[in-house]
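Asks: My questions will all concern the structure given below.
The values are calculated or read from the model by the stated rules, or taken from the named source; none is laboratory data. Please read these numbers as outputs of a predicted model, since none were measured by experiment. Cβ: placed from backbone, ideal geometry, glycine included. Neighbour counts: every protein chain shown.
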Amino acid sequence: MRFLTQRRRFDDLSEQEVLALAISSEEDDAQIYRSYAERLRGEFPDSAQVFDGMAAEEDTHRQALIDLHQSRFGAVIPLIRREHVAGYYARRPVWLIENLSIERIREEAAAMERDAERFYKMAAQRSTDTGTRKLLGDLAAAEAGHQSTAEALTKDALTDDARASEDATAKRQFLLTWVQPGLAGLMDGSVSTLAPIFAVAFATQNTWTTFLVGLAASVGAGISMGFTEAASDDGQLSGRGSPWKRGFASGIMTTVGGLGHALPYLITDFWTATTIAFVVVFIELWAIAWIQNKFMDTPFWRATFQVVVGGALVFAAGALIGSG
């Protein structure tokens with residue numbers, strides 16, 4: 001509460017302070033756009049060019065605002081930033097851009113311009129001072145101009161071929177970082193846990209014991225797969241993305257794959273639980289085959305043979321060992 005009371009209300013700012021706030025905001029936005037450009041330059045050079053142009057446009061408006069401040073109030077600009085003003089629109093911290101996709105960065109940039117324009121329009125409507133209303137209206141018009149410039153820059157720099165190329169790169173990155181390790185984990189969790197779970201099930205015919213073994217096998221396999229994936233490749237040379245993202249995807253999906261046919265053994269009746277577990281295994285294996293065909297372009301029948309037939313053999317091995 002003490003922090004909140006130290007923030008100024010926008011309505012209490014003088015025209016000089018509003019102008020100073022606009023200058024600092026333009027400076028921050030230009031820096032954000034340059035950070036976006038550097039983030040994208042390697043894989044998405046055309047989009048990086050767009051953000052370079054938007055940063056230059058912000059610099060132009062900032063200089064115009066500085067010139068206006070000097071002509072009206074002098075060379076000393078008050079130090080006031082958006083975090084000093086209650087209710088002023090916030091910006092995403094720049095260090096979080098590493099976690100944003102290309103499409104999300106484009107959306108963030110569009111939202112930045114819309115937020116600024118909307119804020120200045122609303123502030124102008126609430127102001128009772130003629131000079132302040134004119135100043136805020138000019139700032140709103142400037143932000144609208146930024147949006148037009150951004151659209152023009154995007155149209156010039158991002159041709160249909162360039163956008164298609166960048167979209168293909170983004171899709172490939174998504175597949176390498178999330179789908180491929182997640183699919184590997186799902187396959188490992190679904191197939192590798194079949195034998196121990198069903199061996200225990202048929203050997204003991206105790207559903208609770210079977211569930212505990214399945215839970216331990218699934219969680220253990222998930223932890224092992226997650227750390228193995230994260231430690232196997234830092235993603236720098238292979239371009240597969242963050243090792244922690246890949247490890248998370250692999251570990252979670254491995255655990256999910258094993259738990260799918262372990263959870264039915266929470267049912268106390270052995271044959272009911274086993275029948276449901278068998279159905280779950282059937283669904284899991286066909287789902288893996290479908291994912292391979294959909295995202296990894298694996299021919300459907302080859303994926304079916306690899307996953308369904310292999311899984312069936314592992315299931316049979318576990319059931320035979322447990323029954324013996």
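Asks: So if I check each of 275, 268, which one is outside any helix (DSSP H, G or I) and at pLDDT 85 or above?
Replies: Working: 275 fails: outside any helix (DSSP H, G or I).
Result: 268 is the single residue among 275, 268 that is outside any helix (DSSP H, G or I) and at pLDDT 85 or above.
Asks: So, in the range 93-136, of the ones that are surrounded by 14 or more Cβ atoms within 10 Å (Cβ to Cβ) and part of a loop (DSSP other than H, G, I, E, B), which residue ends up modelled with the highest pLDDT?
Replies: 100
Asks: Take residue 241 and decide whether it is in contact (Cβ under 8 Å) with a residue 12 or more places away in the chain and outside any helix (DSSP H, G or I).
Replies: Answer is yes for this residue.
Asks: What are the residue pairs meeting all of these: first residue in the range 174-193, first residue in contact (Cβ under 8 Å) with a residue 12 or more places away in the chain and outside any helix (DSSP H, G or I), second residue crowded, with 24+ Cβ neighbours inside 10 Å and not polar (S, T, N, Q), Cβ atoms under 7 Å, and 6 or more apart or on different chains?
Replies: These pairs meet every condition: 193/214; 193/258.
Asks: For the range 21-50, which positions are part of a helix (DSSP H, G or I), over 30 Å from residue 78 (Cβ atoms) and in contact (Cβ under 8 Å) with a residue 60 or more places away in the chain?
Replies: Once the filter is applied, which keeps residues that are part of a helix (DSSP H, G or I), over 30 Å from residue 78 (Cβ atoms) and in contact (Cβ under 8 Å) with a residue 60 or more places away in the chain, the range 21-50 yields 39, 40, 46, 47, 49, 50.
Asks: In this structure, does residue 51 turn out to be touching a strand residue (DSSP E or B) at 6+ places or on another chain (Cβ under 6 Å) and surrounded by 14 or more Cβ atoms within 10 Å (Cβ to Cβ)?
Replies: No, not satisfied.
Asks: Determine which member of the set 305, 300 is free of Cβ contacts under 8 Å to residues at least 60 places away in the same chain, surrounded by fewer than 15 Cβ atoms within 10 Å (Cβ to Cβ) and under 19 Å from residue 179 (Cβ atoms).
Replies: Among 305, 300, only 300 is free of Cβ contacts under 8 Å to residues at least 60 places away in the same chain, surrounded by fewer than 15 Cβ atoms within 10 Å (Cβ to Cβ) and under 19 Å from residue 179 (Cβ atoms).
Asks: Mind checking which residues of the range 51-82 are acidic (Asp, Glu) and without any contact (Cβ under 8 Å) to a residue 60 or more places away in the chain?
Replies: Matches in the range 51-82: 52, 59, 67.
Asks: Further, regarding this structure: Test of understanding: among 46, 59, which residue is over 24 Å from residue 122 (Cβ atoms) and at pLDDT 85 or above?
Replies: Answer to the selection: 59.
Asks: Please state which one of 142, 203, 150 is at pLDDT 85 or above, hydrophobic (A, V, I, L, M, F, W, C) and assigned to a helix (DSSP H, G or I).
Replies: So the residue among 142, 203, 150 that is at pLDDT 85 or above, hydrophobic (A, V, I, L, M, F, W, C) and assigned to a helix (DSSP H, G or I) is 203.
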